[in-house]
Structures are given as structure tokens and as C-alpha cells.
Amino acid sequence: MPGKFCVNLTCSGDNKDKATVAFVVANAAVASDKETMVFLSTEGVRLGSRGYADDINEEGFAPLKELMENFAKAGGKIFVCSPCFKKRGLDENNLVAGATIVGGAKLIEFLSVDGGSPCVTY
Amino acid sequence: MSEPDAFYDAGSMGCGELVLELRFKMEELKSGQIMKLIALDAGAPEDLPAWCNLTGHKLVKKEHPEYWIQKK
């Protein structure tokens, strides 16, 4: 069943539970043949940096690094908010697999064209 | 019904982890082949039929925790 799905994530190390569950749900979407995108903004952008998720491992779930790698391996896209990324002094040459630096227009495009997209927020 | 062509014991894995691993395993099968899956997670009885509905694979047997899924 075609279609898109967006997971909007505003947390990282400040809420490891939400950061983990967001990628579990994203994996459910990409596994279900949805064109899936995780949008990282505010504190969520830290997950766009390679190595940041290495120590996040919530009870009952696979390590977040593994969840993110599997997501990218399955074709999931990670969009990282540019101004949020810059504000935090992060290195755009050190992104995780599947990540692209974008602006708000890319989010709006994903959510509104070609039939639109449902979106869940963590 | 044919016997399964492959076996995957997902143990207690659930939710997105389960269906994504299952997707990777199903990619190894040819169209029409059957995967025998063991999934202990309490959400599996609802999630696996939903996943099959979304992906087009056919749930040919459902006797929790045992599921047989035929690749589309």
C-alpha cells in the first residue's frame, strides 16, 4: 500500500525514550512500504550527527544507533533542520546515514504534495 | 497448504523492530514462498495482519505465536 509517512522528532539525549520510540515507529512505517521521513528539529537534530546516538539504549528496544541504521538501510530518509543544526554548532560533514540537511520548505513539500502525508510527533 | 520455505524466530521483538526485520527476511524469499515466523510480542496478533495488509504479503496461517506469511 503506497503512501508517505512522517515522524517529527524534537528530542534526542534530553528524552531518550521519545527519541527511541520515534525511530521504532519510523521503522514500522518504512517496513510497511511507506515512503518514510524522520524530520529532526530543535534538540532532535543532534541525532543527525554520527556517533551521538551510540550510547542511547532504552530498555525493551534495540539500541538507537541500530534502529537508525536499519531505518536508513530500508530506504528511510532523515531530514535535519538546517538552522537548528547550525545553532547547535554541529558538523554538516559528519551526518548519519540517510540524513540530509534541509529547510522548512522541504518539510512542507513532503507533507503537502503528492497526496500529503500523515505525521506523528515525538 | 505448502510447507514453509524459511523460518524466522523473532522472539520477543515487537512493533517497528519486528516488522522491519521481517521485511529484510522476506526480501530473501521468492514470490510465493512462505516464511514461518515465531513472534511472541503481545502486539503481533494485530500488527502482523496489518503489516500484511499494507505490504500485500498474505498471512496464510495465524496461530499466535506462529505465523505463516506468503510473499507476494
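So for segment A:23-39 (the condition being farther than 14 Å from A:VAL7 by Cβ, modelled with pLDDT of 95 or more and away from chain B (no Cβ under 11 Å)), does at least one residue qualify? There is no residue in segment A:23-39 that is farther than 14 Å from A:VAL7 by Cβ, modelled with pLDDT of 95 or more and away from chain B (no Cβ under 11 Å).
Does segment A:102-109 contain any residue that is modelled with pLDDT of 95 or more and either hydrophobic (A, V, I, L, M, F, W, C) or part of a loop (DSSP other than H, G, I, E, B) (or both)?
At the first step, the residues of segment A:102-109 found to be modelled with pLDDT of 95 or more are none.
The answer is no; no qualifying residue exists.
To keep it simple, each residue is scored yes or no on (1) among the basic types (Lys, Arg); (2) assigned to a loop (DSSP other than H, G, I, E, B); (3) modelled with pLDDT of 95 or more.
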{"site": "B:LEU18", "(1), (2), (3)": "no, no, no"}
{"site": "B:ARG23", "(1), (2), (3)": "yes, no, yes"}
{"site": "B:LEU37", "(1), (2), (3)": "no, no, yes"}
{"site": "B:LEU48", "(1), (2), (3)": "no, no, no"}
{"site": "B:TRP51", "(1), (2), (3)": "no, no, no"}
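With B:LYS30, B:LYS61, B:LYS36, B:LYS72 as the choices, which residue is surrounded by fewer than 19 Cβ atoms within 10 Å (Cβ to Cβ) and within 9 Å of the chain's Cα centre (by Cα)? Answer to the selection: B:LYS36.
Tell me whether segment A:75-85 contains one or more residues that are away from chain B (no Cβ under 14 Å) and in a loop (DSSP other than H, G, I, E, B). Walk me through it before giving the result.
Let us first name the residues in segment A:75-85 that are away from chain B (no Cβ under 14 Å), namely A:77-85.
Filter once more, keeping what is in a loop (DSSP other than H, G, I, E, B): none.
No; the residues of segment A:75-85 include none that is away from chain B (no Cβ under 14 Å) and in a loop (DSSP other than H, G, I, E, B).
Would you be able to say whether some residue in segment B:1-15 is more than 10 Å from chain A (Cβ to nearest Cβ), over 21 Å from A:GLU66 (Cα atoms), surrounded by 14 or more Cβ atoms within 10 Å (Cβ to Cβ) and acidic (Asp, Glu)? Give the steps one after another, and end with the answer.
Looking only at segment B:1-15, we keep the residues that are more than 10 Å from chain A (Cβ to nearest Cβ), and these are B:1-11.
Add one more test, that the residue is over 21 Å from A:GLU66 (Cα atoms), and what stays is B:1-7.
From what's left, surrounded by 14 or more Cβ atoms within 10 Å (Cβ to Cβ): B:4-6.
Still in the running and acidic (Asp, Glu): B:5.
So far as segment B:1-15 goes, yes, one or more of its residues are more than 10 Å from chain A (Cβ to nearest Cβ), over 21 Å from A:GLU66 (Cα atoms), surrounded by 14 or more Cβ atoms within 10 Å (Cβ to Cβ) and acidic (Asp, Glu).
Exactly one condition in (1) within 14 Å of chain B (Cβ to nearest Cβ); (2) hydroxyl-bearing (Ser, Thr, Tyr); (3) more than 12 Å from the chain's Cα centre (by Cα) is false for A:THR20; which is it? Here A:THR20 clears every test but (3).
Does A:SER32 satisfy the criteria of being among the polar types (S, T, N, Q), in contact (Cβ under 8 Å) with a residue 24 or more places away in the chain and under 22 Å from A:ASP114 (Cα atoms)? Answer is yes for this residue.
For segment B:1-59, a tally of residues being in contact (Cβ under 8 Å) with a residue 60 or more places away in the chain and within 28 Å of A:VAL38 (Cα to Cα) returns 0. Looking only at segment A:1-23, filter to residues that are among the small types (Gly, Ala, Ser) and crowded, with 16+ Cβ neighbours inside 10 Å; which one of those is farthest from A:GLY75 (Cα to Cα)? Selected residue: A:SER12.
Against the conditions (1) within 28 Å of B:LEU22 (Cα to Cα); (2) in contact with a Ser or Thr (Cβ under 8 Å, 6 or more places away or on another chain); (3) part of a helix (DSSP H, G or I); (4) modelled with pLDDT of 95 or more, A:ASP54 satisfies every one except (2). Among the conditions (1) within 17 Å of A:TYR122 (Cα to Cα); (2) in a loop (DSSP other than H, G, I, E, B); (3) within 14 Å of another protein chain (Cβ to nearest Cβ), the only one that A:MET1 does not satisfy is (1). Within segment B:23-53, the set of residues being within 13 Å of chain A (Cβ to nearest Cβ), of a type in the set (Gly, Ala, Ser) and either in contact with a helix residue (DSSP H, G or I) (Cβ under 8 Å, 6 or more places away or on another chain) or under 15 Å from B:ALA10 (Cβ atoms) (or both) comprises B:ALA42, B:GLY43, B:ALA44.
Annotation: A:SER49 fulfils all but one of (1) away from every other protein chain (no Cβ under 14 Å); (2) surrounded by 22 or more Cβ atoms within 10 Å (Cβ to Cβ); (3) not basic (Lys, Arg); the unmet one is (2).
The values are calculated or read from the model by the stated rules, or taken from the named source; none is laboratory data. These figures come from a predicted structure and were not determined experimentally. With ideal geometry, Cβ positions are generated from the backbone for all residues, glycine too; neighbour counts draw on all protein chains shown.
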